[in-house]
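Here the structure comes first, spelled out in structure tokens, and everything after it is commentary.
The values are calculated or read from the model by the stated rules, or taken from the named source; none is laboratory data. None of the values given here were measured: they were computed from a predicted structure. Here the Cβ positions follow ideal geometry from the backbone for every residue, glycine too, while neighbour counts run over all protein chains shown. Ligands, DNA and RNA are excluded from the accessible area calculation, which covers all protein heavy atoms including side chains. Shrake-Rupley method; radii C 1.70, N 1.55, O 1.52, S 1.80 Å.
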Amino acid sequence: MTHHADIAIVGAGAAGLFASIWAARARGPGSHSGVLALDGAAKLGAKILVAGGGRCNVTHHAVDESAYAGSSRNAIRNVLRRFDVSRTIEFFREQGVELKREETGKLFPVTDDGQSVLDALLRAARASEVRIVHPWRVASVERTDRGFAIHRETGSPAPAADRVFAKRVILATGGRSLPKTGSDGLGFEIARSLGHSITPRVFPALVPLTVPKDHWLTSLSGVTHTATLELRAHGGKRLVSFTNSTLLTHFGLSGPGVLDMSRYYTDFKLNAQTEQSPVLVLNWLPGETVETIDAELAAAGRSRAGTVARLLEGRLAERIVQAICTHAGISPNASLGELAREKRRLLALALTELPLPITGDRGYLFAEATAGGVPLAELKLDTMESRICPGLFVCGELCDVDGRVGGFNFQWAWASGFVAGSGAATTSA
Ligand SMILES: Cc1cc2nc3c(=O)[nH]c(=O)nc-3n(C[C@H](O)[C@H](O)[C@H](O)COP(=O)(O)OP(=O)(O)OC[C@H]3O[C@@H](n4cnc5c(N)ncnc54)[C@H](O)[C@@H]3O)c2cc1C
């Protein structure tokens, strides 16, 4: 059996649902929209439901291209500005979901429940007569004389047809992160088969980093601290830095600062020669340097003001002080007045410039995003239509765009989904 559609969306996650809503809205009310969304998952919206610890961080109050990496910043800005944060807020408000802004700038639904976000999207899709068919996993998409033939993966349980003919196709299959949700990278193969290139590198982004199994940092598992992470090139040049909450774990490091840093670490590491890998350096005391801390320790020593532990009290948790002192070969109860110059320097270094022996990352199973994908240079940014395969549109995480922690990835999904959906509906077939 075969379905026919004007516009078929492959993947009904955040970007695909949004694209289908705006494609159908552009068709106008009352008529059959001719918009069909296909998704391989038995249960829709898995990522929307797990996002933000189940609360779904829908967007951020201050979104601009500087929060993203991948394709050129200009190209990313071009898409983001077509559907900005105020329109996201307005869309969800129309659907009865108010968003609240938290201190960090992140916006969550007032319900604190991702289900209300998913329900709003499904409600809007239904209202604009989008037909959603799932589980219907796409195996391949083929260009035909009249548009596209979309083939269902054999063996997957499916209602109705095993083939769909569509005049236009929007690819919104996501990247590779959290593959059990259905975003396992097949979309990259489909894009490739239709003539697109995929960036030479595709790798996990927003992912926890690992250190050697028995490294002393793992003894701090469970500790959270606001720290600065700085990536330095082999020669010492500062490449990028983030100051945010850092969580020490049994395998290494996590928390927003580490997740934000992870894609840069991997990217620069893959770029560098093996012997010239960049170094990730941790500063437990943001704003301080080896020199300022060394001077502070020396001044306190001169006035004979107490111990190392006393000096750091209130600035670092006791467990951190203990671990750092042990690492630097100093007792936390050592009198500052008796601290030898070299020891003082070692302590200042451990406090402000601790090189992290990163062994890798936790991979796609734990990554919140995927770096790499379809380069924006291969798309017309006013519609997200392919420059290579007319009638094909691409949006969401499948594109070579990945954002920081904080709602930026969903904002990309909303904006690029809006542009692709409206574009597919208004571009002549
Ligand atoms: C644990 C976690 C927490 C996150 N938290 C946040 C957050 O709070 N805020 C934020 O901004 N971002 C967050 N993200 C990132 C955000 O979820 C993604 O960037 C966003 O979901 C990408 O949307 P998408 O529609 O492009 O892809 P996806 O959401 O991955 O959706 C792709 C859809 O395509 C379907 N699909 C894939 N291949 C096929 C195929 N061959 N045939 C049919 N269907 C297919 C999948 O089943 C899926 O439904 C989080 C991600 C994770 C993993």
Considering only protein heavy atoms and a probe of 1.4 Å, how much of the accessible area of the chain is carbon and sulfur, as a whole percent? 50 percent
Under 14 Å, Cβ to Cβ, from P390 - net charge with Lys/Arg +1 and Asp/Glu -1: +3
Need one number: % antiparallel among DSSP beta bridges in the chain, to the nearest 5. 70 percent
Expected 222 nm ellipticity per residue - DSSP helices of 4 or more, -39500 (n - 2.57), all of the chain, to 500: -9500 deg cm²/dmol
State in Å² the accessible area per residue of region 208-362; use a 1.4 Å probe, count heavy atoms of protein chains only, and round to the nearest integer. 48 Å²
Taking R0 as 45 Å, what's the FRET efficiency between D162 and R77 from their Cβ-Cβ distance, rounded to 0.05? 0.65
Quote the Stokes-Einstein diffusion coefficient, in whole µm² s⁻¹, for region 208-362, based on the Kirkwood radius over alpha carbon pairs, a temperature of 37 °C and a viscosity of 0.692 mPa s. 205 µm²/s
Label model pair R319, E94: point-to-point distance (7 angstrom along the Cα→beta-carbon line) in nm is 4.8 nm
Would you mind classifying the chain by shape? Square roots of the alpha carbon gyration tensor eigenvalues, ordered a ≥ b ≥ c; an a/c under 1.5 is rounded, otherwise it is prolate if a/b is larger than b/c and oblate if not. prolate
Given contacts defined as C-alpha pairs under 8 Å and at least six residues apart, what's the relative contact order of the chain, whole-number percent? 25 percent
In degrees, nearest ten, helix 318-328 long axis to first principal axis of the chain (Cα): 70 degrees
Return one whole number: the accessible area per residue of region 1-108 in Å², for a 1.4 Å probe. 43 Å²
